[in-house]
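What follows is one structure encoded as structure tokens, with my remarks underneath.
The values are calculated or read from the model by the stated rules, or taken from the named source; none is laboratory data. On a predicted model such as this, the values are computed, not experimentally measured, just so you know. Backbone-built Cβ (ideal geometry, glycine too); neighbour counts: all protein chains shown.
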Amino acid sequence: MRDIRCGKCSALLFRAEHDAISNVIEIKCRRCGTLNHLRPIEPASDRQERQPDRVLHEIQR
Ligand SMILES: [Zn+2]
């Protein structure tokens, strides 16, 4: 499971398995109102398979 967080305020939006998203998703943050666009493939984390979790966290900060 991975945490999907708001790109602006880092509020937790939802949690999902890595392959649970099969298409583009738009979700509005309940805290700050930012519309987050999520894609099924995370380019940075998928290309660096050694430490996907660490890469993902760095992107979200
Ligand atoms: Zn937010």
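Some notes on this structure:
- When residue 41 is tested against the conditions (1) over 16 Å from residue 3 (Cβ atoms); (2) modelled with pLDDT of 90 or more, the lone failure is (2).
- Pair list, Cβ < 7 Å and 6+ apart or interchain, from region 15-33 residues that are within 10 Å of residue 1 (Cα to Cα) to residues that are charged (D, E, K, R) and at pLDDT 90 or above: 15/3
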